[in-house]
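What follows is one structure encoded as structure tokens, with my remarks underneath.
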Amino acid sequence: MRTVPELFRRHSRNPILHRGNWPYQVNSVFNPAAAMVDGEVLLLVRAEDRRGLSHLTVARSANGVSGWRIDSTPAVLPETSQADEWGVEDPRLTFLAERGEWAAVFTEYSRSGPQLGIALTSDFRKFDRISPQIGPEGKTGDKDAAILSRKVGGRWAMIHRPHIDDTSDMWISFSDDLATWTDSERFMRAREGVWWDAGKIGLSPPPLETADGWLTMYHGARSTPGGCLYRVGLSLLDLDDPRKVLCRSDEWVFGPDSEYEARGDVGNVVFPCGWVAHDDMVFMYYGAADTCVALASGSLAEMLKFVKGAP
């Protein structure tokens, strides 16, 4: 058994965003996507209103910690269609350089369960919605998705987590046009028994492309007598074929510890949906207890060293 290093350090000003910062009434703000846009950090934040329905709002900061400028109106609202009548949740952001656009992938929620939605934007003011068509296996409750930043084998690739035959594992699908997704394949399974990632797993932030592979953070939701406990680990995917898992950490690397992560609307949850890299530093933005937004940072080189030492 190896000693797990402290790869992520919580910011002293956590939580960095909460409902008191919002320019309009909300119940909670959490699970933000993150990006560097025009030299500053942009978060696409899930905001839950007092009905229980969620939407997405843009927040910007020059230093990524304080001085947040939060849009006075939501950026992505439910379209009150059958697919998202109960809200839109948990976005991930990827810049598609070939198209010169950002792709936001999020969960649309309705009485039929969760499914995926995609919105393309170049300015974070106008979002063009896409209702992606995914193979039959992806229509049983799909979420936790992001598109890779470049094409693989001439096609776009998207990691997602459909719920199939009572399993919640990580899958990958491919597309020529971002609308129709085919060749779906399960590439990483939840473990069994008492492991931290037993039961169900899902993608956290979009994978980061490195010389060693796609650095991928994923969450495990383990059922315990006290409720579901969310932690995150790391894996490394092959650059040319991300269906191949090169390494996967046996141990979790970040989990609920602080008071604002342990207590809230849903306690004992850390849920990262976004990170940004600058030189060797990675800034990870996450939802804490489904109530507020927090920040932790770490060295990209140390993360790669750790995960490359995994099985």
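Summary of computed values
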{"item": "Integer Hz, Karplus 6.51/-1.76/1.60 couplings in order for the range 6-23, x for Gly and Pro", "result": "7, 7, 10, 10, 5, 6, 5, 9, 4, x, 7, 9, 8, 4, x, 7, 7, x"}
{"item": "Residue order, fewest to most beta carbons within 10 Å, for Arg191, Arg13", "result": "Arg13, Arg191"}
{"item": "Dipole moment magnitude, nearest 20 debye, the range 7-89 about Cα centre, only Lys, Arg, Asp, Glu C-beta charged", "result": "540"}
{"item": "Normalised convex hull volume, the range 165-311, alpha-carbon set, Å³ per residue", "result": "136"}
{"item": "Per-residue HN-Hα couplings for the range 213-218 [Karplus 6.51, -1.76, 1.60; θ = phi - 60°; Hz; x = Gly/Pro]", "result": "x, 7, 6, 10, 9, 9"}
{"item": "Taking Phe283, Phe187, Phe8 and counting other C-beta atoms within 10 Å, the order from fewest to most", "result": "Phe187, Phe283, Phe8"}
{"item": "The chain: relative contact order as a whole-number percent, Cα under 8 Å and 6+ apart", "result": "16"}
{"item": "Charge dipole (debye, nearest 20) of the chain; +1 at Cβ of Lys and Arg, -1 at Cβ of Asp and Glu", "result": "460"}
{"item": "Size descriptor, Kirkwood hydrodynamic radius, that averages inverse alpha-carbon separations across the range 1-148, Å", "result": "16.4"}
{"item": "Span from the the range 1-67 Cα centroid across to the the range 209-252 one, whole angstrom", "result": "22"}
{"item": "Among [x] 228; [y] 270; [z] 131, the entry that matches volume of the Cα convex hull per residue in Å³ as calculated here", "result": "[z]"}
{"item": "Max mean-square fluctuation residue, GNM over the chain, Cα-Cα springs under 10 Å, options Ala34, Ala146, Ala198", "result": "Ala198"}
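Where a number appears in this text, it was derived from the coordinates with a stated rule and is not lab data. From a predicted model like this one, the values you see are computed outputs, not experimental measurements. Neighbour counts are summed over all protein chains in view; Cβ atoms, including those assigned to glycine, are modelled from backbone coordinates with ideal geometry.
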